[in-house]
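Here the structure comes first, spelled out in structure tokens, and everything after it is commentary.
The values are calculated or read from the model by the stated rules, or taken from the named source; none is laboratory data. In this text, all values refer to a predicted model and were calculated from it rather than measured experimentally. Positions of Cβ are generated from backbone atoms using ideal geometry, with glycine treated the same way; all protein chains shown enter the neighbour counts. The protein model used for the area step is the full one, side chains on, heavy atoms only, and it has no ligands, DNA or RNA in it. Shrake-Rupley method; radii C 1.70, N 1.55, O 1.52, S 1.80 Å.
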Amino acid sequence: VMFAGVHVLQYKNNLGVIAVITVLSITLTAVRALSDRLLPSVVIHLVFNGLQSLYLILQPFVEKTEKVQPAPAIIGWLLRHVF
């Protein structure tokens, strides 16, 4: 609850992100409790944040290019400008 609570104000407008952070929080807590070590939780958190950072960096290159006009619009344009 403390881990998720720290992030709630940051993402107060996005319930999906809050839900993901809550699941991450429960996962990190369970890993810490089961392993009796902090390092596995730190690594999971690092990978989680690293994947998000990688997505943000690569997002402009992955976004789809300009949408192609549907056929009726192209045919209409050709009729107006060519014929």
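Counting only residues that are within 18 Å of the chain's Cα centre (by Cα) and assigned to a helix (DSSP H, G or I), which one in segment 1-17 is nearest to residue 30 (Cα to Cα)?
That would be 4.
Restricting attention to segment 18-30, does a residue exist that is in a loop (DSSP other than H, G, I, E, B), of a type in the set (A, V, I, L, M) and either at pLDDT 80 or above or surrounded by 10 or more Cβ atoms within 10 Å (Cβ to Cβ) (or both)?
Applying the first criterion (in a loop (DSSP other than H, G, I, E, B)) to segment 18-30 yields none.
Checked against the condition, which is being in a loop (DSSP other than H, G, I, E, B), of a type in the set (A, V, I, L, M) and either at pLDDT 80 or above or surrounded by 10 or more Cβ atoms within 10 Å (Cβ to Cβ) (or both), segment 18-30 yields no hits at all.
Cβ contacts < 8 Å: first residue assigned to a helix (DSSP H, G or I), restricted to segment 36-64; second residue open to solvent by 90 Å² or more (accessible area, probe 1.4 Å) and modelled with pLDDT of 90 or more, any location; separation 6+ or different chain. Result?
Note: pairs meeting the criteria are 40/32; 41/32.
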